[in-house]
Protein chains: 2
Amino acid sequence: MNSAEDRITEWFAVQRPLDPARFPIAIGDDMAQVNLGAGKSVLITTDMLLEGTHFDLSEASLEQVGYKSMAASLSDCAAMATRPLAAVVSVGLPAGYASKQLKQLHKGILRAADKYDCPLAGGDITSWQKNGGLAVNVAMLSVPAGCEPLTRKGAKVGDCICVTGPLGGSRAGKHLDFEPRVEEAIAIASSAKANSMMDISDGLSSDLARICHQSKVGALLFQDAIPISEAAARTADPLASALNDGEDYELLFTLPENEFKKLLSRWHRPVALTCIGSIVEGRGVKLRDSSGHISSLKPAGYDHLSKKEIL
Amino acid sequence: MNSAEDRITEWFAVQRPLDPARFPIAIGDDMAQVNLGAGKSVLITTDMLLEGTHFDLSEASLEQVGYKSMAASLSDCAAMATRPLAAVVSVGLPAGYASKQLKQLHKGILRAADKYDCPLAGGDITSWQKNGGLAVNVAMLSVPAGCEPLTRKGAKVGDCICVTGPLGGSRAGKHLDFEPRVEEAIAIASSAKANSMMDISDGLSSDLARICHQSKVGALLFQDAIPISEAAARTADPLASALNDGEDYELLFTLPENEFKKLLSRWHRPVALTCIGSIVEGRGVKLRDSSGHISSLKPAGYDHLSKKEIL
């Protein structure tokens, strides 16, 4: 938990501690939970995608940008094992954009909205008067899916550290066309007692460090167990790609070993579940290689603010 | 209802008609309402503010930008006579921004959050890798305030057309430091039976045209009754300023004459309520001048997309 974004987020959180009765889950998790009384609550997330940072229009179509902007927020809903409910989308348009471009973007938004039954319920369209690239913001609501939302806080010593799917190499194309693990997350949470969960958006090394920081535990990863994607296998350093690439949008979760066994016995989905390590005493993430040598693993995933002087 | 933004918004709405049982209020109003069952619902709005379009950093401090971004969404909550609940804020940072600038922005966000009891519950911080100005998106949740949310749809022939406060001239400074009419809107809705309501964000001529379009009625404004702000009075054309300037963030609402009388008799707030016209048969907005002459009033408020080829 050393990224510049994490540090400024923590600083924000302590400026105004939120009432846990109103906000059972607040700043610092994938979504905030807002209590509405009478046993009802909603969760909300917001994500801004910027041209040149999150997508490059020389390699991505506007339809893909629309899909990705929704899918990233759907992945936040999955990260907490919650059910997506509705999205509202704001678009900041560069000069020269007209209805044609807006309709292409809208088509991708609808593709994700239809597939995950998360309708587009409203939005805002505005234009840069000065130079600016395309900015797309998705705010999304979800509701608990029959169980308490899973957070980054509950990892316990002895838990298996698990992931869905293989990791790494998303820049080869998957980052534009991934499948948010919404149904998988709900299936995991309803099949076994998981202690913590998040989605891997910035890279395993950085995101696991967040679970450790917030759960006040350490993690030991087993290098040989980490599932490496075909795209990552084609890179110069497949392991580094799987650890640090970011935008995997797979689930990262922890649960006791017996719960993991129960989960596996009930699992009939095509997406693989892999135990890649254990939650241990201490802090930070360590990696055990094939020879049994253990070394410290620095968070080397994507840091949105790393080039800036933050705090 | 002729703006480019309105036309593309209507086009979006018809692509995927929303289930009114799930979304009692959807695309085309100030907020969307999401039904949660058990008599509970939430409303959501999203607004993106762009540097150079909505604020100019040569005249506005970052603290003011933070306040304005929250206040614009709080005004949406007011527009429907609902109670703000929580906000999430996404920020797209230009190159060269560091924690100092983020903290200034955050200070303004907190000023509005504290004043209107609408906590900042989460957010997203990201940076332009290519050229781009500051982009701030606020998504906000609200809940009904003991009555049904008011929409743009319910205006009835014979209704008084009313506004809070004086109009026009917001560019002289008010647009950076206005007071969203949250308590006033709830007081109006709980004191009398209003038929429609919205906030004036793009200018009276454009926003009243939206109520007419969505309610399938016409409007007749009485020129002499329109309350003109001191800032508008100092412009070359005070009436045009009051009709078209935009960013007034005052309430525009309609209600039967006897309800307006009841409302006035119960009104003890410092903000003025003024009847400025009547809802009439037909469509579109007309203006009656001092001599009794009636002319058609074109929507000439701010159109976010007017320079573009839209539909």
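The values are calculated or read from the model by the stated rules, or taken from the named source; none is laboratory data. Everything numeric in this text was worked out from a predicted model, so none of it was measured. Please note: Cβ atoms are built from the backbone with ideal geometry, for glycine as well, and neighbour counts cover all protein chains shown. Side chains are part of the model used for accessible areas, which takes the heavy atoms of the whole protein and leaves out ligands, DNA and RNA. Shrake-Rupley method; radii C 1.70, N 1.55, O 1.52, S 1.80 Å.
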What angle, in degrees between 0 and 90 and rounded to the nearest 10, separates the Cα long axis of helix B:204-215 from the longest principal axis of the Cα atoms of chain B? 70
Rolling a 1.4 angstrom probe over the protein heavy atoms, how many square angstrom per residue are accessible across the stretch A:27-170? 27
Label model pair B:Asn131, B:Lys298: point-to-point distance (7 angstrom along the Cα→beta-carbon line) in nm is 3.3
Kirkwood hydrodynamic radius (C-alpha pairs) into Stokes-Einstein, the stretch A:213-311, 4 °C and 1.567 mPa s, D in µm²/s: 83
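Under 11 Å from the Cβ of B:Lys130, count the other residues' Cβ atoms, weight Lys and Arg +1, Asp and Glu -1, and hand me the total.
So the environment of B:Lys130 carries a net charge of -2.
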The correct pair for the stretch A:158-269, radius of gyration to one decimal and Dmax as a whole number, both in Å and from Cα atoms, is 13.7, 39
Over the stretch B:44-151: Rg over Rh, Cα atoms, Kirkwood Rh: 1.00
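With the alpha-carbon atoms as the only input, what is the per residue convex hull volume for the protein assembly as shown in Å³?
146
Which entries of A:Lys115/A:Lys262; B:Lys40/B:Lys153; A:Lys174/B:Lys130; B:Lys216/B:Lys286 have Cα-Cα distances beyond 20 Å here?
Numbers: A:Lys115/A:Lys262 29 Å; B:Lys40/B:Lys153 22 Å; A:Lys174/B:Lys130 22 Å; B:Lys216/B:Lys286 15 Å.
As for pairs spanning more than 20 Å Cα to Cα, those are A:Lys115/A:Lys262; B:Lys40/B:Lys153; A:Lys174/B:Lys130.
What is the antiparallel percent of DSSP beta bridges lying wholly in the protein assembly as shown, to the nearest 5?
Numbers: 90 of 118 bridges.
Restricted to the protein assembly as shown, the bridges split so that about 75 percent are antiparallel.
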Need one number for chain A: average projected area of the convex hull over its C-alpha atoms, nm². 17.1
Contact surface A-B: accessible area buried, both sides summed, square angstrom, 1.4 angstrom probe: 6400
Would you kindly work out, in nm and rounded to one decimal, the distances from the label point of A:Ala21 to those of the same position in each other copy, ordered shortest first, with label points 7 Å along Cα-to-Cβ? 3.5
Using a label point 7 Å beyond Cα on the Cα-Cβ vector, give me the inter-copy distances for A:Leu264 in nanometres, one decimal, shortest first. 7.8
List the GluC sites (Glu not before Pro) in the stretch A:149-231 that DSSP assigns to loop (not H, G, I, E or B) and whose Cβ has at most 12 other Cβ atoms within 10 Å. Which are they? none
May I ask you to report, in nm to one decimal and beginning with the shortest, the distances from B:Asp117 to the same position in the other copies, taking label points 7 Å along Cα-to-Cβ? 3.6
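Find the accessible area per residue for the stretch B:186-311; the probe is 1.4 Å, ligands and nucleic acids are left out, and the unit is Å².
45
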For chain A, built as a Gaussian network whose Cα springs stay under 10 Å, the top-fluctuating residue of A:Glu247, A:Glu257, A:Glu59: A:Glu59
